[in-house]
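Asks: First the structure, then my questions, so here it is.
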Amino acid sequence: MYNYQTSELAKESGEPIVITNKGEADLVVLSIEAFEEREKMFRHRDKVYAAELSRLNSMPTYSPEQIHEELEALYAAAEK
């Protein structure tokens with residue numbers, strides 16, 4: 001059953017609300033804004049982990065300057 005007060009508390013606090021059943025955690029309620037922000041943070045963290053794993057596996061890395069130079073060369077080639 002929907003509970004307006006729980007919904008408002010989740011929106012105002014931005015924090016997860018843990019619902020218990022007989023003293024045991026049973027359900028978590030989170031506002032959609034907090035959920036989307038959490039998902040965004042997880043996606044970002046996954047990208048950081050993947051980059052670190054690549055680095056640890058000796059995959060080539062590039063500085064921002066190297067990437068900029070490469071993109072400029074690609075743009076110049078595309079304009080010809």
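The values are calculated or read from the model by the stated rules, or taken from the named source; none is laboratory data. Just so we're clear, the structure is a prediction, and the values are computed from it rather than from any experiment. Note: ideal-geometry Cβ built from the backbone for every residue, glycine included; neighbour counts use all protein chains shown. Side chains are part of the model used for accessible areas, which takes the heavy atoms of the whole protein and leaves out ligands, DNA and RNA. Shrake-Rupley method; radii C 1.70, N 1.55, O 1.52, S 1.80 Å.
Asks: Give the accessible surface of the chain per residue, rounded to a whole number of Å², with probe radius 1.4 Å and ligands, DNA and RNA excluded.
Replies: Computed with neighbouring chains in place, this is 93 Å² per residue.
Asks: By how many nm would the segment from Arg55 to Leu74 grow when fully extended, if each residue of separation counts as 0.36 nm and the alpha-carbon distance is taken off?
Replies: Taking Arg55 through Leu74 to full extension adds about 4.4 nm, to one decimal.
Asks: Kindly report, to the nearest 10 Å², the accessible surface of Val48 as traced by a 1.4 Å probe over protein heavy atoms only.
Replies: Rounded to the nearest 10, that gives 80 Å².
Asks: Of the listed values (1) 56, 17, 11; (2) 46, 18, 8; (3) 24, 15, 11, identify the label whose number matches semi-axes √(5λ) of the Cα gyration tensor in Å calculated from this model.
Replies: (2)
Asks: What's the magnitude of the charge dipole for the chain around its Cα centre, counting Lys and Arg as +1 and Asp and Glu as -1 at the beta-carbon? Answer in Debye, nearest 20.
Replies: Numbers: 9 positive and 16 negative charges, 52 e Å.
About 240 debye.
Asks: Under the Karplus relation 6.51 cos²θ - 1.76 cosθ + 1.60, θ = phi - 60°, what is the ordered set of whole-Hz ³J(HN,Hα) values for region 9-24, x standing for Gly and Pro?
Replies: Running phi through 6.51 cos²θ - 1.76 cosθ + 1.60 with θ = phi - 60° gives 4, 5, 5, 5, 7, x, 10, x, 10, 8, 9, 10, 9, 6, x, 10 Hz.
Asks: For the chain, what's the relative contact order in percent, using C-alpha pairs closer than 8 Å and at least 6 residues apart?
Replies: Normalised by residue count, the contact order of the chain is 17 percent.
Asks: Still on this structure, please answer the following. Hey, what do the phi angles of region 26-41 turn into as Karplus ³J(HN,Hα) couplings, whole Hz, using 6.51/-1.76/1.60 and θ = phi - 60°, x for Gly and Pro?
Replies: Ordered by residue, 3J(HN,Hα) equals 10, 7, 10, 10, 9, 5, 5, 5, 5, 4, 5, 5, 5, 5, 4, 5 Hz.
Asks: So, one more: Which whole-number value in Å³ per residue fits the convex hull of the alpha carbons of region 1-47?
Replies: Here the figure is 90 Å³ per residue.
Asks: Something else about it: Tell me the trypsin sites (Lys or Arg not before Pro) within region 1-65 that lie in a loop according to DSSP and have at most 10 other beta-carbon atoms within 10 Å.
Replies: Qualifying residues, ordered by number: Lys22.
Asks: Here's another thing I want to ask about it. Read phi for every residue in region 70-80 and hand back ³J(HN,Hα) as whole Hz from Karplus 6.51 cos²θ - 1.76 cosθ + 1.60, θ = phi - 60°, with x for Gly and Pro.
Replies: Once rounded to whole Hz, the list reads 5, 5, 4, 5, 5, 4, 4, 5, 6, 6, 6.
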